[in-house]
1. Which pairs turn up if I take residues in the stretch 116-143 that are farther than 23 Å from Ile57 by Cα and look for partners that are of a type in the set (Phe, Trp, Tyr) and surrounded by 13 or more Cβ atoms within 10 Å (Cβ to Cβ) with beta carbon separation below 8 Å, at least 6 apart in sequence or on another chain?
2. Output the residues belonging to the stretch 109-126 that are at pLDDT below 50 and either at positive phi or surrounded by fewer than 10 Cβ atoms within 10 Å (Cβ to Cβ) (or both).
3. Check the stretch 22-36 and report whether any residue there is surrounded by 10 or more Cβ atoms within 10 Å (Cβ to Cβ) and either aliphatic (A, V, I, L, M) or at pLDDT 65 or above (or both).
4. Do we have Pro87 as part of a helix (DSSP H, G or I) and modelled with pLDDT under 65 here?
5. Name the single residue that is farthest from Leu142 (Cα to Cα) among those in the stretch 55-81 being hydrophobic (A, V, I, L, M, F, W, C) and surrounded by 14 or more Cβ atoms within 10 Å (Cβ to Cβ).
6. Give me a count of the residues in the stretch 33-60 that are over 23 Å from Gly120 (Cβ atoms) and touching a residue at least 60 places away in the same chain (Cβ under 8 Å).
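The values are calculated or read from the model by the stated rules, or taken from the named source; none is laboratory data. Everything quoted here is computed from the prediction, not taken from an experiment. Note: ideal-geometry Cβ built from the backbone for every residue, glycine included; neighbour counts use all protein chains shown.
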Amino acid sequence: MKTRPHRILRLSVSLFIVLLLVSLQPLFAAGPPVPSSFENPVVIMFVIVMLILLLIIALLSNLLLGVAQVKAHREKEKADPSKLLPPAIIACLLLGNPAFSQSAANTISTTSSSSWGISGLSTEAFYLMASVLFVELLVIFLLLMNVRGLLRAEKQ
């Protein structure tokens, strides 16, 4: 009886090893794995700058919300909100129409991509990261302009 559990254990361990080796075989069918793009120092720099700019955006948006709440509380006592609602609704309805326009002629098909890359990155990844940085800088600029405008109106 003591040999039977030992035999079952040995059979199950050998079956597990065989299944493990068979399941690993397709992993190396296409050759060695491609190195990760996160090993590139340019990508690491881009990600760190993006995170810092994201933190700046969060702080500026919190500041803007605080200044806007103070200004809204002061103007709430002065203005009647029913006068502002109809023009705002009409503006939203008129500005929303171009968002729904679609044209089949404007579709662009990209069939080839450059194999050279920029700083070891593919061109798509580089331009995507650069555009995210540009959008973050644009958002920071707009937040600063809004804070400046609210504070300037506050002084007057």
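1. Close Cβ pairs (under 8 Å, with a partner that is of a type in the set (Phe, Trp, Tyr) and surrounded by 13 or more Cβ atoms within 10 Å (Cβ to Cβ)) amount to Gly117/Phe126; Ile118/Phe126; Ser119/Phe126.
2. If we filter the stretch 109-126 for residues that are at pLDDT below 50, which is where we start, we get 109-114.
Within the stretch 109-126, Ser109, Thr110, Thr111, Ser112, Ser114 meet the criteria.
3. Of the stretch 22-36, the ones surrounded by 10 or more Cβ atoms within 10 Å (Cβ to Cβ) are none.
No, the stretch 22-36 has no match at all.
4. Values: part of a helix (DSSP H, G or I): yes; modelled with pLDDT under 65: no.
So Pro87 does not fit the description; no.
5. Step one: filter the stretch 55-81 for residues hydrophobic (A, V, I, L, M, F, W, C), giving 55-60, 63-65, 67-68, 70, 72, 79.
Next, only the ones that are surrounded by 14 or more Cβ atoms within 10 Å (Cβ to Cβ) stay: 56-57, 60, 63-64, 67.
On the way: Ile56: 12, Ile57: 10, Leu60: 10, Leu63: 13, Leu64: 11, Val67: 15 Å.
If we take residues in the stretch 55-81 being hydrophobic (A, V, I, L, M, F, W, C) and surrounded by 14 or more Cβ atoms within 10 Å (Cβ to Cβ), then Val67 is farthest from Leu142 (Cα to Cα).
6. Filtering the stretch 33-60 for residues over 23 Å from Gly120 (Cβ atoms) gives 54-60.
Remaining after also requiring touching a residue at least 60 places away in the same chain (Cβ under 8 Å): 54, 56-57, 60.
Residues flagged as over 23 Å from Gly120 (Cβ atoms) and touching a residue at least 60 places away in the same chain (Cβ under 8 Å) within the stretch 33-60 amount to 4.
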